[in-house]
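Engineer: Sending over a structure as structure tokens; questions will come in a sec.
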Amino acid sequence: MRQSQLFTKTRKEAPSDEVSKNAQLLIRAGYVHKEMAGVYDLLPLGLRVIEKIKGIVREEMNRVGGQELLMSSLQRKELWEQTDRWSDETVDVWFKSELAVGGEVGFGWSHEEPIMDMMQQYVASYKDLPASVYQFQTKLRNELRAKSGIMRGREFIMKDMYSLHATEEDLNEYYEKVKQAYLVIFKRLGLGADTYVTFASGGAFTKFSHEFQTVCDAGEDVLYVHRGKNIAVNEEVLDEAVKELGLEKDQLEKVKSAEIGNIFNFGTDKAAQMGITFASKEGSKDPVFLASYGIGITRALGVIVEKFADEKGIVWPESVAPFTVHLVGLNSDDDAVRDYTDGLYTTLTEEGVEVLYDDRDARTGEKFADSDLIGIPYRVVVSKKTQEEGRFEVVTRKTGEVRFLTEEELLNDFMPTGTEEDND
RNA sequence: CGGGGUGUAGCAUAGUGGUAGUGUACGCGGUUUGGGACCGUGUGGUCCGGGUUCGAUUCCCGGCUCCCCGACCA
């Protein structure tokens, strides 16, 4: 896309009401716009990154047999009363409203109850199991305190998957499969090296729930990590855990982390509460086994910004970058150079490379500063000089490495490979 | 929800009981053109409601907003 057509623009200064690095950079670079505390609009650049993240998650969820759907945001009070989660005393993040014709509705902060109720329509027998469904949904939570930019908002996008099983063994097997899929996802997002499956509160030792924590200064949790053994323990259960694992506390490194995923095994509790059953082979009515699997999509975006940004701006891993190449055209007042740059833009685009083309009539310094701030992985500079030499200057955002490549070399380098894997 | 702070132009900031200044961004004219250049010129502002006062952006009360710490996070 041509940058001159992009309606957003960058800012030199961060807004005074944002302290977190993620929000400051995302706003400065034009990825998001703040609507109110804890609520952000996704601008074209931000939406592209979100869609990239969703794409990776979608591929892996499909790979484990998940079927994508989209539940509604408005939810029925009765469903949540069945599990005693409608009351504000039990769940303190509800947004609720009244229907004009009378009656209350809730705005979905989670979807276990509606999903289970909906699935009951289709799951009647052991033959219908297992079933696994997922969605990318906007969750609405009336947080007492939004904080950390987009990391903890009142409105955010989450991928939530739910799997239903006839037996505990089947659930456990699938649970493990999804756990592995999650590790693949975080690796592909570029977060693999710093993301741990943690022992946390809530029955970690019975393997009933796991958290996926990414080491990150902006996170809200505290982890004790053993990098060599790839073990991380949530502070909440530190004492128990070190005992269980046979470790010494001083072998562990204390770090801050952000929870970007979690998986729960509900067993048959939820089904029992809601009366969700299936007919077994023997003809008995048995409660369904349920597990849920979440990934904070918006939060993942925030974590990626926090982790990789440098003093100049954002640095995207290639797998989630809004564009692969930032084509920066210099000397654009020279018709020959401009035509040449336009031509390269057309060629790259036709070859399927995602290019943001800075075709603006702006000064070099401004273009480079913007390019650094926006954080696209590769900057290709075209100027009178490079045109004359028949090579393009290619700068890798992450490392600052500079190369001079011919058009052919350039195309070979940036040709989409089909699947995007994190090559770290 | 408890505690602390904040609110001046699109953004960032200064200042004052007597009708608000700067930077940036934006418009126009000109010089520039490989790291946010420069000159000239122009547009644009005191969160809301009360109170005190001859006069309030400034002081007082209330509300709202946003930020931080804590609590919470199924």
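Please treat every number below as a calculation from the coordinates, not as lab data. Quick caveat, the model's predicted, so the values are computed rather than measured. Cβ atoms come from the backbone with ideal geometry, glycine included; neighbour counts cover every protein chain shown.
Engineer: Once label points are set 7 Å from the Cα along Cα→Cβ at both A:Thr8 and A:Asp217, what is their separation, rounded to one decimal in nm?
Structural biologist: A separation of 2.3 nm, rounded to one decimal place.
Engineer: What FRET efficiency comes out for A:Glu104 versus A:Glu282 if R0 is 35 angstrom and r is the Cβ-Cβ distance? Round to the nearest 0.05.
Structural biologist: Here the calculated transfer efficiency is 0.30.
Engineer: So for chain A, taking the charge dipole from beta-carbon charges (+1 Lys/Arg, -1 Asp/Glu), which of A:Ala271, A:Phe392, A:Leu140 sits furthest toward the positive end?
Structural biologist: Value computed over the given set: A:Leu140.
Engineer: Moving to a separate point now. Using Cα positions and a limit of under 15 Å, work out the aspartates and glutamates in reach of A:Lys249, with same-chain residues fewer than 8 apart set aside.
Structural biologist: Reachable aspartates and glutamates: A:Glu235, A:Glu236, A:Asp239, A:Glu240.
Engineer: Can you order the peptides A:104-111, A:396-403 by their average number of other Cβ atoms within 10 Å per residue, highest first?
Structural biologist: A:104-111, A:396-403
Engineer: If we count every other residue with Cβ under 9 angstrom of A:Arg58's Cβ, Lys/Arg +1 and Asp/Glu -1, where does the sum land?
Structural biologist: Values: positive: A:Lys54, A:Lys159; negative: A:Glu59, A:Glu60, A:Glu68.
So the surrounding residues net to -1.
Engineer: At a Cα cut-off below 25 Å, give the lysines reachable from A:Lys77, other chains included and same-chain residues fewer than 8 away excluded.
Structural biologist: Reachable lysines: A:Lys96, A:Lys139, A:Lys159, A:Lys270.
Engineer: Straight-line reach from A:Lys177: which aspartates and glutamates have a Cα under 19 Å away, not including same-chain ones fewer than 8 places off?
Structural biologist: Leaving aside aspartates and glutamates fewer than 8 places away in the same chain, those within reach of A:Lys177 are A:Glu59, A:Glu60, A:Glu68, A:Asp160, A:Glu168, A:Glu169, A:Glu211.
Engineer: Turning to a different aspect of this structure: Pick out, from A:Ile376, A:Phe95, A:Thr324, the residue whose Cα sits farthest towards the positive end of the charge dipole of chain A, with +1 on the Cβ of Lys and Arg and -1 on the Cβ of Asp and Glu.
Structural biologist: The one lying farthest along the dipole's positive direction is A:Phe95.
Engineer: Explain nothing, just the number: dipole magnitude of region A:3-308 about its Cα centre with +1 on each Lys and Arg Cβ and -1 on each Asp and Glu Cβ, in debye rounded to the nearest 20.
Structural biologist: 1440 debye
Engineer: What is the local net charge at A:Phe199, summed over the other residues whose Cβ is closer than 9 Å to its Cβ (Lys, Arg +1; Asp, Glu -1)?
Structural biologist: My count for the surroundings of A:Phe199 gives -3.
Engineer: List the pairs from A:Lys254/A:Lys398; A:Lys21/A:Lys254; A:Lys34/A:Lys384 whose alpha-carbon separation is above 31 Å, in the order I gave them. If you can, show how the numbers build up before the last one.
Structural biologist: Working: A:Lys254/A:Lys398 27 Å; A:Lys21/A:Lys254 21 Å; A:Lys34/A:Lys384 40 Å.
Result: A:Lys34/A:Lys384 exceed 31 Å.
Engineer: Please order A:Leu245, A:Leu290 by the number of other Cβ within 10 Å, starting at the fewest.
Structural biologist: Placing the least packed residue first, the sequence is A:Leu245, A:Leu290.
Engineer: Next up: Once phi is turned into θ = phi - 60°, what whole-Hz ³J(HN,Hα) does the Karplus curve with 6.51, -1.76 and 1.60 give for every residue of region A:99-115, x standing for Gly and Pro?
Structural biologist: Using θ = phi - 60°, the values come out as 7, 4, 8, x, x, 9, 10, x, 9, x, 9, 7, 10, 4, 5, x, 5 Hz.
Engineer: Another question about this same structure. Let me have the 222 nm mean residue ellipticity of chain A computed from DSSP H runs of 4+ only, each contributing -39500 (n - 2.57), with the sum over all residues rounded to the nearest 500.
Structural biologist: Working: 12 runs with 131 residues, N = 424.
For chain A, the value works out to -9500 deg cm²/dmol.
Engineer: Which net charge results when you count Lys and Arg as +1 and Asp and Glu as -1 among the other residues whose beta-carbon is under 11 Å from that of A:Trp86?
Structural biologist: -3
Engineer: Run through the DSSP bridge list for region A:3-308 and note the antiparallel percent, rounded to the nearest 5.
Structural biologist: On the way: 59 of 64 bridges.
DSSP beta bridges in region A:3-308 are roughly 90 percent antiparallel.
Engineer: Select from A:Asn62, A:Ala258, A:Tyr40 the residue farthest towards the positive end of the dipole of region A:3-308; place +1 on Cβ of Lys and Arg, -1 on Cβ of Asp and Glu, and compute about the Cα centre.
Structural biologist: A:Tyr40
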